[in-house]
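Q: I have a structure here, written as structure tokens, and I will follow up with some questions on it.
The values are calculated or read from the model by the stated rules, or taken from the named source; none is laboratory data. This one's a predicted model, so the numbers in the text were calculated from it and none came from an experiment. We place every Cβ from the backbone using ideal geometry, glycine too, and count neighbours over all the protein chains shown.
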């Protein structure tokens, strides 16, 4: 079986893990944690970074740091993995679910502008959602599939209404927006290092940004809000720290970030080249203003395709190819069905038609040829 996406741990991971064992730094304090934070900040072009035990924990930290609290609303594209919405719920808040643009499959800035104009109003210095009476506390664009959102347009709206922006960039490390790295586009940006991400620590995340006060608060909250060496705590904090063991794996991984992202882009380009003439097939968007990290790659089965995504997955499995369906939008998920939402024309038209294909960084040319051949046969 050719797997969908597995980690590439053929570098210095074993060496660095052995160093953790030899020095007895295996828990949440150790030199690899500091090193990984510095490496990720540098790679993302951000001034500061704070590690966390998962991407979801990083989002929760970031949202809490910018002031999201109980009964607030956070603007979120519905076309995202449910962890984005869960992090909002962990704050006691609720997502206000938006559609995505066809151009990028990320938060639609035009819809954002119109909805805030007509569905929200300023009351006592706060932006209030008219129908629910809840404060709109933050905007969370999602860099879908490693593709940055149109951040200049989104930040223009955010600045107009004085709303902080927390970017869910879970799989986007290595992507670029208008020629630049993405770590300073939002007030806070959060990466995930889950096992299927381009860079992995087995499980972990990172909050990055340029605001020293926000990042200091995030670090304080992540370490149980402890004050000094004694057992004094000044806030309700979280135990969200990354271990030195995880960070050791991450340090070995990020040494190969450019190599891994290049591999992802090569795989994506080869699929498009080989499949572009296949009837009923479309591809993931590539807006001119950004360069995706191509975390996942695959195809869109158009209405003219004579097979569904589920059928394609089963037939590919029979041929030894690990393909998958994709995210069901948040507004269709049981925990968030009552969340306020916009029209969802784009999200509802694409989510059930996306077929993700094997895209591990170590995918060989022969393996990719097998995938392409199998897909052509079943289509």
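Q: Taking into account only those residues within the range 1-16 that are buried (at least 19 other Cβ atoms within 10 Å of the Cβ) and not in a loop (DSSP other than H, G, I, E, B), which is farthest from the chain's Cα centre (by Cα)?
A: For the range 1-16, the residue satisfying everything is 16.
Q: For the structure I just gave you, tell me whether residue 270 is closer than 22 Å to residue 371 by Cα, in contact (Cβ under 8 Å) with a residue 40 or more places away in the chain and over 21 Å from the mean Cα position of the chain (by Cα).
A: yes
Residue-wise test of (1) assigned by TED's automatic domain parsing to the domain that holds residue 136; (2) surrounded by 17 or more Cβ atoms within 10 Å (Cβ to Cβ); (3) in contact with a strand residue (DSSP E or B) (Cβ under 9 Å, 6 or more places away or on another chain); (4) over 20 Å from residue 263 (Cα atoms).
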{"position": "293", "(1), (2), (3), (4)": "no, yes, yes, no"}
{"position": "301", "(1), (2), (3), (4)": "no, yes, yes, yes"}
{"position": "305", "(1), (2), (3), (4)": "no, yes, yes, yes"}
{"position": "366", "(1), (2), (3), (4)": "no, no, no, no"}
{"position": "369", "(1), (2), (3), (4)": "no, no, no, no"}
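Q: Next question. Are any of the residues in the range 134-150 surrounded by fewer than 24 Cβ atoms within 10 Å (Cβ to Cβ) and either closer than 20 Å to residue 191 by Cα or touching a helix residue (DSSP H, G or I) at 6+ places or on another chain (Cβ under 7 Å) (or both)?
A: For the range 134-150, residues surrounded by fewer than 24 Cβ atoms within 10 Å (Cβ to Cβ) and either closer than 20 Å to residue 191 by Cα or touching a helix residue (DSSP H, G or I) at 6+ places or on another chain (Cβ under 7 Å) (or both): present.
The rows are residues; the columns are (1) in contact with a strand residue (DSSP E or B) (Cβ under 8 Å, 6 or more places away or on another chain); (2) surrounded by fewer than 20 Cβ atoms within 10 Å (Cβ to Cβ); (3) part of a loop (DSSP other than H, G, I, E, B); (4) modelled with pLDDT under 95.
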position: 335; (1), (2), (3), (4): no, yes, no, no
position: 343; (1), (2), (3), (4): no, yes, yes, no
position: 361; (1), (2), (3), (4): no, no, yes, no
position: 373; (1), (2), (3), (4): no, yes, no, no
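Q: Inspect all residues belonging to the range 35-42 and state whether any of them is without any contact (Cβ under 8 Å) to a residue 24 or more places away in the chain and more than 28 Å from residue 284 (Cα to Cα).
A: At the first step, the residues of the range 35-42 found to be without any contact (Cβ under 8 Å) to a residue 24 or more places away in the chain are 38, 42.
Of the ones still in play, those that are also more than 28 Å from residue 284 (Cα to Cα) are 38, 42.
Among the residues of the range 35-42, at least one is without any contact (Cβ under 8 Å) to a residue 24 or more places away in the chain and more than 28 Å from residue 284 (Cα to Cα), which makes the answer yes.
Quick grid of which residues meet (1) at pLDDT 95 or above; (2) buried (at least 23 other Cβ atoms within 10 Å of the Cβ); (3) assigned to a helix (DSSP H, G or I); (4) touching a strand residue (DSSP E or B) at 6+ places or on another chain (Cβ under 8 Å):
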residue: 22; (1), (2), (3), (4): yes, no, yes, no
residue: 36; (1), (2), (3), (4): yes, yes, yes, yes
residue: 39; (1), (2), (3), (4): yes, no, yes, no
residue: 46; (1), (2), (3), (4): yes, yes, no, yes
residue: 57; (1), (2), (3), (4): yes, yes, yes, yes
residue: 62; (1), (2), (3), (4): yes, yes, yes, yes
residue: 86; (1), (2), (3), (4): yes, no, yes, no
residue: 92; (1), (2), (3), (4): yes, no, no, no
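Q: For the range 121-145, which positions are outside any loop (DSSP other than H, G, I, E, B) and free of Cβ contacts under 8 Å to residues at least 40 places away in the same chain?
A: Looking only at the range 121-145, we keep the residues that are outside any loop (DSSP other than H, G, I, E, B), and these are 121-123, 126-129, 135-139, 142, 144-145.
Residues satisfying the conditions are 121, 122, 123, 126, 127, 128.
Q: Taking the residues in the range 64-84 that are in a helix (DSSP H, G or I) and more than 17 Å from the chain's Cα centre (by Cα) as candidates, determine which candidate is nearest to residue 214 (Cα to Cα).
A: By that ranking, first place goes to 65.
Q: Do we have any residue at all in the range 171-185 that's part of a strand (DSSP E or B), touching a helix residue (DSSP H, G or I) at 6+ places or on another chain (Cβ under 7 Å), closer than 30 Å to residue 246 by Cα and at pLDDT 95 or above?
A: yes
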